[in-house]
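**Student:** One structure coming up, written as structure tokens, with questions to follow.
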Amino acid sequence: MHREIKDNIYWTGAVDWKAREFHGYQTRFGTTYNSYVVKDDKTALIDTVKEGFEDQLLDRLEHAGVEDLDYLIVNHIEMDHAGSVDRIKEEYPEVQIVTNKRAKKGLGDAYGMDVDDVKIVETGDELDLGEKTLTFLKTTMVHWPDSMVTYALEDEILFSNDAFGQHFASKRRFDDEFDDQEMGKIFDETAKYYANIVLPYSRQVQGVLDEVDEVGLEFDVIAPSHGIIWRGDISRILEKYDTWSSHDAKDKVIILYDSMWHHTEEAAAAVAEGVEEKDVDYRVYNLSNSDWTEILAEVMLSKGLIVGSPTLNGELYPSVAGFLTYMKGLNPVDKIVAAFGSYGWSGEAVGKIKDIFEELDYETVDSKKWVFDADEDSLSDLKSLGKEVAQEV
Ligand code: FEO
């Protein structure tokens, strides 16, 4: 069923209950691909849905009484939002695509689409639909070069595309339809989404938030392209974005490790003991059996990070190497870090962790490597390493 957001403005998106993986992101609650339609003298569809979900979109358009589409606004060309543009053009041959210059090129490059008649808009341009007006704000690199958002002027709705979204499938569409406990879960998913999708572009997020402030845009509703629509306490989600994009983290230490023969695992326990002695909050994750998506959110929200890896054939253990590569791309900043790891004969892993820390501009406060099973002295050093990081956060 479609859902009315305001008079003649409807959610017409798709719910993907089964999604559990989203280009490396673990989506344990599924997701939605949100699309919206604004009906007036002219009718505009804002974004489409992932390919394979277009029947949901078309059904909802029909239920919303949409017979003709004048405009299709493409806020972002990634496949989960522009994957059904072709199908919409088939169903509504007269529809005109409206997007920014970069996205116009992207529609040609990514989908082989004929883009000659695509209408280009810039920040501040207005699209008059009758009584309703849409305007646009380019949000370059939040999180792709083509990203932009659409704002319904009279209704004060921000169609924010990926920003403010979260991967959360539900029958309910609005934040005020969930109780406090459920909202806690939704905010956790929103933080996870920020950490795994938006985090590298935090500077640009701060820029957009400042721009919105300067222009004095008011939001009555924020309608993202994934998950629930914010219309209850809008200030709360805006504050969260301000906090996350300012890299404001808690006094907490995240200990990550993997282990071949439990030696590095035992060491992780000693490190945790050290952190605990300083009465600082912490969490420990084995990278082979934990959700990296969740870990990334924890790393973003915590000041301290300690990573342990055995050396395998002169390299990092594969799960540690994989996670650190993933983390490097997302670039959580300003962490207080340390490295540790057991080895048999060469022991390169700790140095390689420190190299990655250096690339991320982190200062390693301590490191420890030892041969096979940590003896009493090594365990004591590992405990001190935990204490040292805990003290610094
Ligand atoms: Fe939800 Fe950047 O796609």
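The values are calculated or read from the model by the stated rules, or taken from the named source; none is laboratory data. Note that the structure is predicted; figures quoted are calculated from it, not measured. A quick note on method: Cβ atoms are made from the backbone with ideal geometry, for glycine too, and the neighbour counts reach across all protein chains shown. Areas reflect the complete protein model, heavy atoms only, side chains present, ligands, DNA and RNA absent. Shrake-Rupley method; radii C 1.70, N 1.55, O 1.52, S 1.80 Å.
**Student:** Rounding to the nearest 20 debye, state how big the charge dipole of the chain is about its Cα centre with +1 on each Lys and Arg Cβ and -1 on each Asp and Glu Cβ.
**Tutor:** 760
**Student:** Let me ask something additional. What order do you get for 125-131, 312-318 when each peptide is scored by the mean count of other beta carbon atoms within 10 Å, highest first?
**Tutor:** The peptides rank, most packed first, as 312-318, 125-131.
**Student:** Right, here's the next one. For the chain, take the longest principal axis of its alpha carbons; what is the angle in degrees between that and the long axis of helix 318-330, to the nearest 10 within 0 to 90?
**Tutor:** It is inclined by approximately 50 degrees.
**Student:** Okay, next question. Among the listed pairs Lys335/Lys368; Lys39/Lys240; Lys18/Lys354; Lys250/Lys387, which are separated by more than 28 Å between their Cα atoms?
**Tutor:** Flagged as over cut-off: Lys39/Lys240; Lys18/Lys354.
**Student:** Arranged from highest to lowest average of other beta-carbon atoms within 10 Å per residue, in what order do the peptides 101-109, 347-355 appear?
**Tutor:** 347-355, 101-109
**Student:** Hey, another quick one. Can you work out the base-10 log of I(q)/I(0) for the chain at q = 0.07, 0.08, 0.11, 0.14 1/Å, using the Debye formula on its C-alpha atoms alone?
**Tutor:** Scattering profile of the chain, log10 relative to I(0): -0.38, -0.48, -0.80, -1.09.
**Student:** While we're looking at this one, here's another question. Expressed as a whole percent, how much of the Cα-Cα distance distribution for segment 286-357 exceeds 16 Å?
**Tutor:** 46
**Student:** Can you tell me, using C-alpha contacts under 8 Å and at least 6 residues apart, the relative contact order of segment 250-392 as a whole percent?
**Tutor:** 31 percent.
**Student:** Roughly how much of His262 is accessible, in Å² to the nearest 10, using a 1.4 Å probe?
**Tutor:** Per-residue accessible area (His262): approximately 110 Å².
**Student:** On C-alpha positions alone, give me the angle between the axis of helix 101-111 and the longest principal axis of the chain, in degrees, nearest 10.
**Tutor:** 80
**Student:** Find, among the chymotrypsin sites (Phe, Trp or Tyr not before Pro) in segment 336-390, those assigned to loop by DSSP (not H, G, I, E, B) with at most 10 other beta-carbon atoms within 10 angstrom.
**Tutor:** Filter output for segment 336-390: Trp345.
**Student:** To continue, here is another question. Run the numbers for Glu156 and Glu51: contour at 0.36 nm per residue of separation, minus the present Cα-Cα distance, in nm.
**Tutor:** Roughly 34.8 nm would be gained on extension.
**Student:** Also: If you take the charge dipole of the chain about its Cα centre, with +1 on Lys and Arg Cβ and -1 on Asp and Glu Cβ, which of Ser35, Leu137, Thr293 is farthest toward its positive end?
**Tutor:** Farthest towards the positive pole: Thr293.
**Student:** Per residue, what accessible area does segment 87-143 have, given a 1.4 Å probe and all protein chains present, in Å²?
**Tutor:** With all protein chains present, segment 87-143 gives 53 Å² per residue.
**Student:** Quick one: angle between helix 234-245 and the longest Cα principal axis of the chain, in degrees between 0 and 90, rounded to 10, please.
**Tutor:** Helix 234-245 sits roughly 40 degrees off the main axis of the chain.
**Student:** If you don't mind, another one. Return the equivalent ellipsoid semi-axes of segment 1-134 as a descending list in whole Å, where each equals the square root of 5 times an eigenvalue of the C-alpha gyration tensor.
**Tutor:** That gives 23, 19, 13 Å for the three semi-axes.
**Student:** Compute from the Cα atoms of segment 209-353 the Rg and the Dmax, the latter being the longest Cα-Cα distance, and quote both in angstrom.
**Tutor:** Looking at segment 209-353, its Cα Rg and Dmax stand at 19.0, 62 Å.
**Student:** Now for a separate question. Using a 1.4 angstrom probe, figure out how much accessible area segment 254-319 has per residue, in square angstrom, rounded to the nearest whole.
**Tutor:** 40
**Student:** Pop out the carbon and sulfur fraction of the accessible area of segment 250-392 as a percent, whole number, probe 1.4 Å.
**Tutor:** Solvent-exposed carbon and sulfur of segment 250-392 make up 44 percent of the total.
**Student:** Just want to confirm a number: the relative contact order over segment 270-352, from Cα pairs under 8 angstrom separated by 6+ residues, in percent.
**Tutor:** Relative contact order comes out at 33 percent.
**Student:** For the residue pair Asp233 and Arg203, what label-to-label distance in nm results when each label sits 7 Å from Cα along the Cα-to-beta-carbon direction?
**Tutor:** Result for the modelled spin labels: 3.3 nm.
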